[in-house]
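The values are calculated or read from the model by the stated rules, or taken from the named source; none is laboratory data. All of these numbers come straight from a predicted model, not from anything done at the bench. Note that each Cβ is placed from the backbone with ideal geometry, even for glycine, and that neighbours are counted across all protein chains shown.
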Ligand code: 1HE
C-alpha cells in the first residue's frame, strides 16, 4: 500500500494531510482511500487537530471515473460479499474520530470531493473553489455519505437542485449554504485552515472530542434525548485538565476570548 497518494506532515499539534494525485485532479480511487485512512489514523494518534487539502489546482474531482468504469465493465473485480462501503468507513473515521479536521478547499470540490470535504468539521475555501454534485450527469448516485452529510447541511431543496441540474456553487453561494465557513483570496485556504487548526489545538483534547462527536449525534436525537446526551457529556468533565482551565480563568490568568476573522 503506497502512501504517496496522500502526503503527511506534522506541524506541532497539527497534522497536515494532502490528497496527492494532481494529474488526475485528486480523483479518488480505492488506493487513495487506503492511503487516506493510513494518514488519518496516524494523525489521530499523534496530532490534536488535522488539516485536509489537495495538491495541485483542485481539492478533489470526486470518484475516479476510470476505476468506476472498470468496475462497471467487469474489468475490475467487485468484492463477492457486500462489505460496508470503504468511503463510508474512511469518511466516518474523519468525522467521528478523536480529533477535529479543517478542510482547505480550492478549485474543484465536486462529487465525492464534496462528500469528503463535508466529513471535515470546519471548511475554508479560496475564491477559486467551485462546488457541485455531477452524479446525475455521470449516471451514478452519491456514495460517500452525501445523502446524510450534505443534505443535513444544505437541506433537501438545495441538494436536489445540485444533483438534478448539476448546478455549480461559487464560494459566496457555498458560504450561504453553509458548505464553508471561511472564504479567502485565491491561494489562501491552506494558510487559513492551518491558522484555525492551530487555534483549535489550544482547546482541550477532551472538549474537541465532544464537539465533533456529540453535536452530530444530538442532531439525530429527539429534544429529550438530546438534552440527556448533553447532560451526560457536560457532567463528564475530566480533571485535572478541566480544573486547571477553570482555575486559570478564576485567577485571571486565562487568555482573553478571541474572534477569528472571517477570512
Ligand atoms: C479524472 C477525474 C475523475 C479528472 N476520475 N479521472 N467527478 C466528476 O464528474 C468530475 C470530473 N472531472 C472534471 O469535471 C474535470 O476534470 C475538472 C473540472 C475537475 C478539472 O478540469 P481540468 O480541465 O482541469 O482537467 P481535465 O483535463 O478534465 O482532467 C485532467 C486529467 O484528470 C484527465 O486525465 P488525462 O489522463 O486525460 O490527463 C482526466 O481524465 C482526469 N480526471 N477528473 C478520473 N473524476 C462514491 S460516489 C461519488 C460520485 C462522484 O464523485 S461523481 C463525480 C465525479
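The number of residues in the range 108-131 that are in a loop (DSSP other than H, G, I, E, B), out of contact with any helix residue (DSSP H, G or I) (no Cβ under 7 Å at 6 or more places or on another chain) and without any contact (Cβ under 8 Å) to a residue 60 or more places away in the chain comes to 0.
I need the full set of residues from the range 57-89 which are assigned to a helix (DSSP H, G or I) and either buried (at least 22 other Cβ atoms within 10 Å of the Cβ) or near the ligand (Cβ under 10 Å from one of its atoms) (or both), in order please.
First pass over the range 57-89, keeping only residues assigned to a helix (DSSP H, G or I): 65-72, 86-89.
Result: 65, 66, 67, 68, 69, 86, 87, 88.
Quick one: count up the residues across the range 60-82 that are over 22 Å from residue 136 (Cα atoms) and either in contact (Cβ under 8 Å) with a residue 40 or more places away in the chain or in contact with a helix residue (DSSP H, G or I) (Cβ under 9 Å, 6 or more places away or on another chain) (or both). Of the residues in that region, 4 qualify. The residue of the range 132-186 that is farthest from the ligand (Cβ to nearest atom), among those that are in contact with a strand residue (DSSP E or B) (Cβ under 8 Å, 6 or more places away or on another chain), in a loop (DSSP other than H, G, I, E, B) and more than 23 Å from residue 28 (Cα to Cα), is 181.
In the range 34-56 there is at least one residue matching the filter, namely being part of a loop (DSSP other than H, G, I, E, B), touching a residue at least 12 places away in the same chain (Cβ under 8 Å), within 16 Å of the ligand (Cβ to nearest atom) and touching a helix residue (DSSP H, G or I) at 6+ places or on another chain (Cβ under 6 Å).
Evaluate the following for residue 101: is it more than 11 Å from the ligand (Cβ to nearest atom) and under 12 Å from residue 52 (Cβ atoms)? Here the answer is yes, as residue 101 does meet what is asked. Within the range 6-22, one or more residues are assigned by TED's automatic domain parsing to the domain that holds residue 148 and within 11 Å of the ligand (Cβ to nearest atom). Under the condition of being assigned to a helix (DSSP H, G or I), at pLDDT 90 or above and loosely packed, with under 10 Cβ neighbours inside 10 Å, the residues counted in the range 209-249 number 3.
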